[in-house]
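A.B. asks: One structure, pasted below without further comment.
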Amino acid sequence: MLSIDFIRANKDKVAEAAKNKNRKVELDKIISLDDQRLDLVHKIQGLREERNAKFHGKPDEKTIARGKEIKEELKSLEEALKATEEELNTLASFVPNVPLDEVPIGKDSSDNVELRKWGEPKKFDFKPLSHIELGRKLDIIDLERGAKVSGFRGYFLKNQGAILHFALLFHVFTKLAKKGYTPMIAPAVIRGMAHFGCGQFPWGEQDVYKLNDDDAYLAGTAEQSVTPYYSGEILAEKDLPKKFVAFSPCFRKEAGAYGKDTKGLYRLHEFWKVEQVIIGKDDIDEAKNLQEELQRNSEEILEELGLPYRVLMMCTGDMGEPQIKKYDTETWMPSRNGYGETMSNSIMGNFQTRRLKIKYRKSDGSTAYCFSLNNTAVASPRVLIALLENYQEKDGSVVIPEALRPLTGFEKITK
């Protein structure tokens, strides 16, 4: 969330950023409401000072009468202040973050910039099968019974497919733990403040599953559970950055994706994910270095698995509201005859930490809001699309990447 002071001082820049992110904001109204807020605060403070000055010793009738007037005036002004602050905070919550100058300006995914590629897409000397066909033939994916039991986008992973799924997640989880990232199993049921703090609310509320309990929602990613871990706290500068690798189930309605990827494992209502989250200092140079570290981690994982990929710099219109800079990593998927997004790597600046009130104390005793970053390490079963399709053999079997064989206990999936 942007501070009102920042919006006031950078109105044109904030307006341009919102336009480039395809979002409408009411900056003039926000500033006007803030003026009203300041005026009300000033009046309330004046009345309180008058009340404190008058009521010393035994009051006379005139003083008592004025005291009653002040009480009524304060009640009216405080109610007006509460209403003004609520409206102001609501409007301010819809103002997106301001991207870094290096981020390309564009309206949608067609304006993203490819930075690099790794690996060559496999050329088959036979007609390759899709992961749907492979899953059915090898009896490792059951979409029909998944839909029967779970509904649209439901699925079962079974037999060696289920083992491969867990082997992949565990391999990535332990790899990052060995790099010094604190391993966490993150809750999937979270409060609304977590969604709001991470910027899922208000923009993406239609994609979130709300539970019957008051203030209880399902998380769409471990970022939404782990980033609020230190909410309302002041950390020590010497302890930053805090690095986490978090495992969690993830749930998304995919309300904005009607008609997209309706078959197979690409777009699902529930899946599993290993997420990287960092809480760091208010230092953009350090944040950029940490983002590159997160990116290297994800690329190492794909290279260990032997999966061709490409890295994109996301344009303003395709990067989301809280981000100031974002990379997407896309992995080659033969059935799509193209790359599919498997990792998203973002610098959020202090947008999330302002909402969550996460600060750190500097060596000089002052405090500042932290920076937050996150990047997917692996999301499954989406990445199984790439694994199954790229490693399929002419006889219909699927070879297991060497990095996963110690965990799967088998080198190939066969009929």
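Coordinate-derived values only; no laboratory data. From a predicted model like this one, the values you see are computed outputs, not experimental measurements. For neighbour counting, all protein chains shown are included, and Cβ atoms are generated from backbone atoms with ideal geometry for every residue, glycine included.
A.B. asks: State which residue is surrounded by the fewest Cβ atoms within 10 Å (Cβ to Cβ) when the search covers only the stretch 25-77 and only residues that are farther than 23 Å from T90 by Cβ and aliphatic (A, V, I, L, M).
C.D. replies: Checking each candidate, the answer is A53.
A.B. asks: Okay, next question. Among the candidates G232, G204, G220, G197, which residue alone is at positive phi and not β-branched (V, I, T)? I'd like the intermediate steps shown before the answer.
C.D. replies: Working: G204 fails: at positive phi; G220 fails: at positive phi; G197 fails: at positive phi.
Being at positive phi and not β-branched (V, I, T) holds for just one of G232, G204, G220, G197, which is G232.
A.B. asks: Right, next: Within the stretch 180-213, track down each residue that is more than 15 Å from the chain's Cα centre (by Cα), assigned to a strand (DSSP E or B) and surrounded by 16 or more Cβ atoms within 10 Å (Cβ to Cβ).
C.D. replies: M184
A.B. asks: Could you grab the pairs with beta carbons closer than 7 Å, sequence gap of 6+ or different chains, first residue in the stretch 21-49 and in contact (Cβ under 8 Å) with a residue 40 or more places away in the chain and polar (S, T, N, Q), second one part of a loop (DSSP other than H, G, I, E, B) and exposed (fewer than 14 other Cβ atoms within 10 Å of the Cβ)?
C.D. replies: N22/K107
A.B. asks: Moving on. In the stretch 329-342, which residue that is of a type outside the set (V, I, T) and either surrounded by 23 or more Cβ atoms within 10 Å (Cβ to Cβ) or in contact with a Pro (Cβ under 6 Å, 6 or more places away or on another chain) (or both) is farthest from S372 (Cα to Cα)? I'd like the intermediate steps shown before the answer.
C.D. replies: Start the filter on the stretch 329-342 by keeping residues that are of a type outside the set (V, I, T), which leaves 330, 332-341.
With the extra rule that they be either surrounded by 23 or more Cβ atoms within 10 Å (Cβ to Cβ) or in contact with a Pro (Cβ under 6 Å, 6 or more places away or on another chain) (or both), the set shrinks to 332-334.
On the way: W332: 29, M333: 31, P334: 35 Å.
Ranking the candidates gives P334 first.
A.B. asks: Could I ask something else about it? Can you tell which of P99, P121, P128 is closer than 30 Å to N10 by Cα, surrounded by 14 or more Cβ atoms within 10 Å (Cβ to Cβ) and in contact (Cβ under 8 Å) with a residue 24 or more places away in the chain? Write out each step before concluding.
C.D. replies: Values: P121 fails: closer than 30 Å to N10 by Cα; P128 fails: closer than 30 Å to N10 by Cα.
Exactly one of P99, P121, P128 is closer than 30 Å to N10 by Cα, surrounded by 14 or more Cβ atoms within 10 Å (Cβ to Cβ) and in contact (Cβ under 8 Å) with a residue 24 or more places away in the chain, namely P99.
A.B. asks: How many residues are on the phi > 0 side of the Ramachandran plot and in contact with a Leu (Cβ under 6 Å, 6 or more places away or on another chain) when one looks only at the stretch 356-386? Give the derivation first.
C.D. replies: Initial filter on the stretch 356-386 (on the phi > 0 side of the Ramachandran plot): 357, 365.
When the remaining residues are screened for being in contact with a Leu (Cβ under 6 Å, 6 or more places away or on another chain), the result is none.
Residues that pass the stated criteria total 0.
A.B. asks: Can you tell me which condition T408 does not meet? The list is (1) touching a strand residue (DSSP E or B) at 6+ places or on another chain (Cβ under 7 Å); (2) surrounded by fewer than 24 Cβ atoms within 10 Å (Cβ to Cβ); (3) among the β-branched types (V, I, T), and all the others hold.
C.D. replies: Of the numbered conditions (1) touching a strand residue (DSSP E or B) at 6+ places or on another chain (Cβ under 7 Å); (2) surrounded by fewer than 24 Cβ atoms within 10 Å (Cβ to Cβ); (3) among the β-branched types (V, I, T), the odd one out for T408 is (1).
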